[in-house]
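Notes follow the structure.
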Amino acid sequence: MRCLVVDDDRKFSYKLSGYIDSFLKGIFKNYQVLEINEKFDDFSQYQNIDLLFIDIDLKDLNGINIIKRLQMNNVDYPIIYVSSRQELVFSSLSTQPFYFVRKQNLENDLKELFKLLNIYYKKTMKMITFDYYGRKTSIFLKDIHYITSFGHDISIVCDQETYTYRLKDALKLIDSPVVVQVHRSYAVSMMYIKEVDKNNIILKDETCITLGKKYVDEFMFQYREYLIS
């Protein structure tokens, strides 16, 4: 787990990092809280992280514009804006942030944010362990994109690799409302859904999966529940 704090105020970023550190150590055994206080347009700094706190007013740069550029590459980690300008909350909504923290109400806003992050991590950081070609293999729930079957075999498609398993056993093993069956041959992770278009589900990587008539009602109910949870 790597968290990045982006702010041109070194004193504030140090203070914020302290709060974040106290929160993360209650969830993760291994984690880092990193700070960036300059060179905000070096986009290599935003890679390989799992959580981002970013100020909106960064000297000559706008944090919202940075996020818009990052999202062109399908960034999927939680983004939290931190700002003393409360009126910018409406502008920030265009990038669908996880939360907006007001600097002048830091402790109270962080208290609410950490409650939501705790729920989020319980959902997404669940570890799935199974036998894969004779060895124990573990993947995070958040890394699963979709599951597809071919005859008696299925493929669990993840960020970096595809694993073979039996569909019935795989869904039972995953045991999460986040991964739902949408077709006789497909199950998808709702975390990776970009849009639902008539009888198709479009994932963030533009993969198009058919939504079977048998599964429409249950899928739509669960998807609505997921979006409001």
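Tell me which strands (runs of 3 or more DSSP E) are completely within the range 105-215 and hold 1 or more residues being charged (D, E, K, R) and modelled with pLDDT under 90, or say none if there are none.
127-132, 135-140, 153-158, 193-197
Within the bounds of the range 24-35, is there any residue that is over 20 Å from the mean Cα position of the chain (by Cα), farther than 21 Å from I66 by Cβ and either open to solvent by less than 80 Å² (accessible area, probe 1.4 Å) or at pLDDT below 95 (or both)? Spell out the reasoning first.
Residues of the range 24-35 that are over 20 Å from the mean Cα position of the chain (by Cα), as a first pass: 35.
Next, only the ones that are farther than 21 Å from I66 by Cβ stay: none.
No, the range 24-35 contains no residue that is over 20 Å from the mean Cα position of the chain (by Cα), farther than 21 Å from I66 by Cβ and either open to solvent by less than 80 Å² (accessible area, probe 1.4 Å) or at pLDDT below 95 (or both).
Could you give every pair whose Cβ atoms fall below 7 Å, whose first residue belongs to the range 185-211 and is touching a residue at least 24 places away in the same chain (Cβ under 8 Å), and whose second residue is crowded, with 18+ Cβ neighbours inside 10 Å and in a loop (DSSP other than H, G, I, E, B), counting only separations of at least 6 or pairs across chains?
Partner pairs satisfying both residue conditions: S189/V178; M190/V178; M191/V178.
Which one is most open to solvent (accessible area, probe 1.4 Å) among residues in the range 40-69 that are at negative phi and part of a loop (DSSP other than H, G, I, E, B)? Quick ask: steps written out before the conclusion?
Here is the first cut: in the range 40-69, the residues at negative phi are 40-47, 49-58, 60-69.
Now drop any that are not part of a loop (DSSP other than H, G, I, E, B), which leaves 40-42, 47, 49-50, 56, 60.
On the way: F40: 10, D41: 100, D42: 64, Q47: 113, I49: 14, D50: 49, I56: 0, D60: 155 Å².
Ranking the candidates gives D60 first.
From the list R10, R2, pick out the single residue that is out of contact with any His (no Cβ under 8 Å at 6 or more places or on another chain), open to solvent by 60 Å² or more (accessible area, probe 1.4 Å) and more than 23 Å from I119 (Cβ to Cβ).
Selected residue: R10, the only one of R10, R2 that is out of contact with any His (no Cβ under 8 Å at 6 or more places or on another chain), open to solvent by 60 Å² or more (accessible area, probe 1.4 Å) and more than 23 Å from I119 (Cβ to Cβ).
Looking at the structure I just gave you, is Y77 surrounded by 13 or more Cβ atoms within 10 Å (Cβ to Cβ), at negative phi and assigned to a strand (DSSP E or B)?
Working: surrounded by 13 or more Cβ atoms within 10 Å (Cβ to Cβ): yes; at negative phi: yes; assigned to a strand (DSSP E or B): no.
When the stated conditions are applied, Y77 does not pass them.
How about the range 94-104: which of its residues are open to solvent by 50 Å² or more (accessible area, probe 1.4 Å) and assigned to a loop (DSSP other than H, G, I, E, B)?
Q96, F98
Criterion first (crowded, with 18+ Cβ neighbours inside 10 Å, among the hydroxyl-bearing types (S, T, Y), more than 19 Å from M125 (Cβ to Cβ) and touching a residue at least 24 places away in the same chain (Cβ under 8 Å)) does S149 satisfy it?
Details: crowded, with 18+ Cβ neighbours inside 10 Å: yes; among the hydroxyl-bearing types (S, T, Y): yes; more than 19 Å from M125 (Cβ to Cβ): yes; touching a residue at least 24 places away in the same chain (Cβ under 8 Å): yes.
Here the answer is yes, as S149 does meet what is asked.
Given the conditions (1) in a loop (DSSP other than H, G, I, E, B); (2) farther than 19 Å from F114 by Cβ, which single one is not true for L88?
Going through the list (1) in a loop (DSSP other than H, G, I, E, B); (2) farther than 19 Å from F114 by Cβ, L88 breaks only (1).
Being open to solvent by 70 Å² or more (accessible area, probe 1.4 Å) and either closer than 27 Å to S83 by Cβ or acidic (D, E) (or both): is that true of D131 here?
Criteria met by D131.
Filter the range 203-226 down to residues that are more than 17 Å from the chain's Cα centre (by Cα) and surrounded by 15 or more Cβ atoms within 10 Å (Cβ to Cβ) and give me whichever is nearest to D159 (Cα to Cα).
Among those that are more than 17 Å from the chain's Cα centre (by Cα) and surrounded by 15 or more Cβ atoms within 10 Å (Cβ to Cβ), it is T207.
I want to confirm something. Restricting to the range 172-197 and keeping residues that are out of contact with any Lys or Arg (no Cβ under 7 Å at 6 or more places or on another chain) and among the polar types (S, T, N, Q), which single residue is nearest to F221 (Cα to Cα)?
Looking at the filtered set, the residue picked out is Q181.
Between S138, S84, S91, which is small (G, A, S), closer than 21 Å to M191 by Cα, open to solvent by 10 Å² or more (accessible area, probe 1.4 Å) and over 15 Å from the mean Cα position of the chain (by Cα)?
Values: S84 fails: closer than 21 Å to M191 by Cα; S91 fails: closer than 21 Å to M191 by Cα.
Just one listed residue meets the conditions, S138.
The values are calculated or read from the model by the stated rules, or taken from the named source; none is laboratory data. In this text, all values refer to a predicted model and were calculated from it rather than measured experimentally. Backbone-built Cβ (ideal geometry, glycine too); neighbour counts: all protein chains shown. Note: accessible area is taken over every heavy atom of the protein model, side chains too, but ligands, DNA and RNA are not part of it. Shrake-Rupley method; radii C 1.70, N 1.55, O 1.52, S 1.80 Å.
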